[in-house]
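Take a look at the structure set out below.
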Amino acid sequence: QVQLVESGGGLVQPGGSLRLSCAPSGSIFDIIVMGWYRQAPGKQREVVATLSGGHVTNYADSVKGRFTISKDTSNNAWYLQMNNLKPEDTAIYYCNAETHWEGYWGQGTRVTVSS
């Protein structure tokens, strides 16, 4: 079992930045893919960024060049640095952990981009 706790959401103006954190606990050494997803009002949950193999990253086209996923090896947490935020980035952001057997989700953190 893996438990995930996100933090770092909030209200930010367009063009601003936020950093989301995901703190895992439990069977953290079973995690093979770390990720961030988001769900905007009225839309399906979509992948934002993933990190696998310790260094292989993938990003949604809509966030490339603005968002960065990274991991802190000292505490196994991972982060999503979000720069140049746009109103269309407004959503609830979820961190995700995949093991060989199943996936786990955090409770979500709300990000609102508005002037």
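Quick notes
- Placing +1 on the Cβ of every Lys and Arg and -1 on the Cβ of every Asp and Glu, with nothing else charged, gives the chain a dipole about its Cα centre of roughly 340 debye.
- Distance (nanometres) between label positions extended 7 Å along Cα→Cβ at Q44 and Q81: 3.2 nm
- Fully extending the segment from S115 to R19, taken as 0.36 nm per residue of separation minus the present Cα-Cα distance, adds 32.7 nm.
- A dipole drawn for the chain from +1 and -1 charges on Cβ atoms has a positive end, and of W36, A60, Q13 the residue lying farthest that way is Q13.
- Around the amide H of N76, modelled in the peptide plane, lies no amide H under 5 Å away from a residue 5 or more places distant or on another chain.
- Across the range 14-29, rounded Karplus estimates of 3J(HN,Hα) from the backbone phi angles (6.51 cos²θ - 1.76 cosθ + 1.60, θ = phi - 60°) give x, x, x, 10, 9, 10, 8, 10, 10, 9, x, 8, x, 7, 5, 7 Hz, Gly and Pro being marked x.
- Protein accessible area in the chain, 1.4 Å probe - carbon and sulfur %: 48 percent
- Per residue solvent-accessible surface (Å²) - the chain, probe of 1.4 Å: 54 Å²
- Each of V5 and T57 was given a label point 7 Å from its Cα along the Cα-to-Cβ line. The distance between the two points is 2.6 nm.
The values are calculated or read from the model by the stated rules, or taken from the named source; none is laboratory data. Only a predicted model underlies this, so the values are computations on that prediction, with no experimental measurement involved. Glycine also receives a Cβ, built like all others from the backbone with ideal geometry; neighbour counts cover every protein chain displayed. Just so you know, the surface numbers come from the protein's heavy atoms only, side chains and all, with ligands and any DNA or RNA stripped out. Shrake-Rupley method; radii C 1.70, N 1.55, O 1.52, S 1.80 Å.
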